[in-house]
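The values are calculated or read from the model by the stated rules, or taken from the named source; none is laboratory data. Quick caveat: nothing in here was measured; it's all calculated off a predicted structure. Ideal geometry is used to build each Cβ from the backbone, glycine not excepted, and the neighbour counts take in all protein chains shown.
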Amino acid sequence: MARTLYDKLLDTHKICDLPDGDILVYVDFHIMNEYTSPQAFSGLGSKGLSVRQPEAHLAIVDHVNSTQIDEAPDPVSKLLIDNLEANCEKHQIACYGLKDPRQGIEHVVVPEQGIVAPGMLIACGDSHTTTYGALGALGFGIGTSEVEHVLATQTLRYQKLKNMRINVAGQLSAGITAKDIIMHVIRKVGAGAANGYAVEFAGQVIEQLDMAGRMTVCNMAVELGARAALIAADQKTLSAMEGKAHSGRCAFDKEIWQTDIQAVFDREVYIDCKDIEPLVTWGISPDQAVAIGEKLPVLEQMVTDKQQSDFTRAMEYMGLAPGQSIVNVPIDMAFIGSCTNSRIDDLRAAAEVLRGKRVASGVVATVIPGSASTKVQAELEGIDQVFIDAGFDWRPQSGCSMCLAMNDDIAENRERIASSTNRNFEGRQGRGARTHLMSPAMVAAAAVAGKIVDVRLFTQA
Amino acid sequence: MEQVTGVAAPMPQHNVDTDIIMPKRFLRTITREGLADGVFADLRFKEDGSEKPDFVLNQPSWRGASVLVVGDNFGCGSSREHAVWGLRQLGVEAIIGTGYAGIFFDNARKNGLALAILEASQRDELLAKINANPGAQVSVDVVAKMITIGDWKVAFQMDKATRQALLDDRDDTLDTLKLLAEIQTYESALPDNSCVKIIK
């Protein structure tokens, strides 16, 4: 029977059927952070349970820490960080704290340390765990109750998803990045359209992407609603794992981590990326996006009453007018960071735009390397100096920071941010803050121009 | 839980994400408690802490609603289970929509929050009814998978495992530990040294 990549990953990790129709799956590796794990550890304590396989877990401090110093910036952050370290100490779990040279944003650190291999099943109390699908692993986000479950049992009760394949074709124009590809896909397919599905990305455009680009694509697949995102493992995947600290291992390395040719998907989607332009979100959902050369939609394009009310609400929140151009919208802040776009490849792309230029006056520009190792690599290449010379704040410590504003990087009411992150939700980067998602190179261009512009005017001049 | 009966409030916006349900400033905690005030905080309260009178749950008819009738893709975004804990602490016991983000769906099931699924046209009909009769009581019967308002009834969808979890009110962690033999059998069949061992 022909199987999809997702089917194969589940088959190899299935322990048994459960009476209610779910299955019990084995979790090869589990990652935790300081804010979705505390109540899971408390649950273990109150039930008198221990951690079943301490070596199959890793904790990383990344969500609440400041990126300006290597210690907790305030008493509540200190409580969360100390609590994580104490829980890990008690249960013999590895913890990469603020002073550890491997610390960083969890989904940047884990592939960087070579922990992910094709064929693995990886869970984490964070929705962007879909990132690991870029390496042919089944990664998915879980809630805190499930964190407790996996700590105690090394398993999860799992409801099988349907299979969707998104085929991405078309010759890309120069200057189009992985971020533009996934933003284009989300715009076409819709936020939530992949709820209940595992999505496999396939097609020439995906095959040609490098690993960093594939991680960006799989990372943001959760904004489609995909609980898991996958890309078949190929030679690039195997090369990407070479020379890493952990040389990720999988129990089933004889399997071919690709979908069988005859396999049938519940839904196939075809996306053409020929001639797409850099994308920018204009609203408060990641599918509210336009290409840089387009005008914003108008009310008449919204079909139902509810769509119209959502549309009007988004326009009001963002302080934009229907039908206006997205180009030349002035910004207050530029932010490069997050598990979507803070890898060395992203920093290089942004630095290429910034070289020899200055951030516009009045724009606060910040860059946060995805990990301490990414920062070291950037400094070796002199990229830090490019950012600093341009007027960016080059942060010494890594973390999620203003992607979700759980630390001291919070935008003010009505501040407009060009952001390389993943969510333009209402209030995400600060109460009343207005987020425009775009690629790191587009953020760099916006920082220099002081407004949203087409980065290709910079790089192809 | 077998059935929820209470006031149903309309929240027809699509793509209501967990950042809106539970803003991040309420996540800076190591316990599950004290989250009721965080629910929809930016929509419910002004910056000075006073209520925004226009917000649906602040209106007299819908204050204290135990059922929400919601737009598509409710609960999208962040995995934060705090969103579900807060909704439960505020007294919300059931949500009626057309579909939910996966992690939110699982979190709800783990915390006895019933998520009922209707076709969009049925959901819209229900929204029209509760808007026409503010404060009307709606019943969500998990046993019969039936929603009732007045003499109007509609069957909802809920998968078998989720329905069973709500009815059993079990502790999944303790329940799974009864399957330790099966887990050990699986582990012992793995090739030696086949799993990542983390470097501390």
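Hey, residue A:207 hits all of (1) surrounded by 22 or more Cβ atoms within 10 Å (Cβ to Cβ); (2) away from chain B (no Cβ under 14 Å) but one; which does it fall short on? Failing condition for residue A:207: (1). Can you tell me how many residues in segment A:239-256 are over 25 Å from residue B:189 (Cβ atoms) and more than 10 Å from chain B (Cβ to nearest Cβ)? The qualifying residues number 5. Against the test of being touching a helix residue (DSSP H, G or I) at 6+ places or on another chain (Cβ under 6 Å), of a type outside the set (Val, Ile, Thr) and either within 14 Å of chain B (Cβ to nearest Cβ) or not in a loop (DSSP other than H, G, I, E, B) (or both), the options A:349, A:314 yield a single qualifying residue, A:349.
When residues in segment A:121-171 are screened for being in contact with a His (Cβ under 8 Å, 6 or more places away or on another chain) and over 29 Å from residue A:19 (Cβ atoms), 4 of them pass. Taken over segment A:42-54, the criterion of being within 30 Å of residue B:25 (Cα to Cα) and either more than 9 Å from chain B (Cβ to nearest Cβ) or modelled with pLDDT under 95 (or both) is satisfied by A:45, A:46, A:51. The set of residues in segment A:55-100 being free of Cβ contacts under 8 Å to residues at least 40 places away in the same chain, in a helix (DSSP H, G or I) and facing another protein chain (nearest Cβ under 9 Å) consists of A:55, A:76, A:79. Checked against the criteria, residue A:48 counts as at positive phi and either buried (at least 20 other Cβ atoms within 10 Å of the Cβ) or free of Cβ contacts under 8 Å to residues at least 40 places away in the same chain (or both). In segment B:14-35, the residues that are facing another protein chain (nearest Cβ under 7 Å) reach residues that are aromatic (Phe, Trp, Tyr) and in a loop (DSSP other than H, G, I, E, B) with C-beta atoms within less than 8 angstrom, at least six apart or across chains, in these pairs: B:17/A:425; B:19/A:425; B:20/A:425; B:20/B:40; B:27/A:35; B:28/A:35. Considering every residue within segment A:209-228, establish whether at least one is of a type in the set (Ser, Thr, Tyr), in contact (Cβ under 8 Å) with a residue 40 or more places away in the chain and in a loop (DSSP other than H, G, I, E, B). No, because not a single residue in segment A:209-228 is of a type in the set (Ser, Thr, Tyr), in contact (Cβ under 8 Å) with a residue 40 or more places away in the chain and in a loop (DSSP other than H, G, I, E, B).
Return yes or no: is residue B:97 away from chain A (no Cβ under 13 Å) and under 23 Å from residue B:58 (Cα atoms)? No, not satisfied.
Matching residues to (1) among the polar types (S, T, N, Q); (2) more than 11 Å from chain B (Cβ to nearest Cβ):
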| position | (1), (2) |
| --- | --- |
| A:393 | no, yes |
| A:397 | yes, yes |
| A:403 | no, no |
| A:407 | yes, no |
| A:413 | yes, no |
| A:419 | yes, yes |
| A:425 | no, no |
| A:445 | no, yes |
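Taking the listed residues A:224, A:209, A:238, the one that is in contact with a Pro (Cβ under 9 Å, 6 or more places away or on another chain) and over 26 Å from residue A:58 (Cβ atoms) is A:224, with no other qualifying.
Restricting attention to segment A:110-127, report how many residues are facing chain B (nearest Cβ under 9 Å) and under 21 Å from residue A:84 (Cα atoms). Counting residues in segment A:110-127 that are facing chain B (nearest Cβ under 9 Å) and under 21 Å from residue A:84 (Cα atoms) gives 6.
Against the test of being in contact with a strand residue (DSSP E or B) (Cβ under 8 Å, 6 or more places away or on another chain) and in the same structural domain as residue A:266 (by TED's automatic domain parsing), the options A:243, A:213, A:225 yield a single qualifying residue, A:225.
Please determine, by comparing only the residues of segment B:179-195 that are among the aliphatic types (A, V, I, L, M), under 35 Å from the mean Cα position of the chain (by Cα) and at the interface with chain A (Cβ under 7 Å from one of its Cβ atoms), which one is surrounded by the fewest Cβ atoms within 10 Å (Cβ to Cβ). Out of the qualifying residues, it is B:179. Among the residues that make up segment B:40-55, is at least one of them more than 28 Å from residue A:147 (Cα to Cα), more than 10 Å from chain A (Cβ to nearest Cβ), in a strand (DSSP E or B) and of a type outside the set (Val, Ile, Thr)? Checking segment B:40-55: at least one residue is more than 28 Å from residue A:147 (Cα to Cα), more than 10 Å from chain A (Cβ to nearest Cβ), in a strand (DSSP E or B) and of a type outside the set (Val, Ile, Thr). The residue of segment B:134-173 that is nearest to the chain's Cα centre (by Cα), among those that are within 14 Å of another protein chain (Cβ to nearest Cβ), assigned to a loop (DSSP other than H, G, I, E, B) and free of Cβ contacts under 8 Å to residues at least 12 places away in the same chain, is B:159. With respect to residue A:360, determine if the residue is outside the structural domain of residue A:126 (by TED's automatic domain parsing) and not in a loop (DSSP other than H, G, I, E, B). Judged against the criteria, residue A:360 is not a match.
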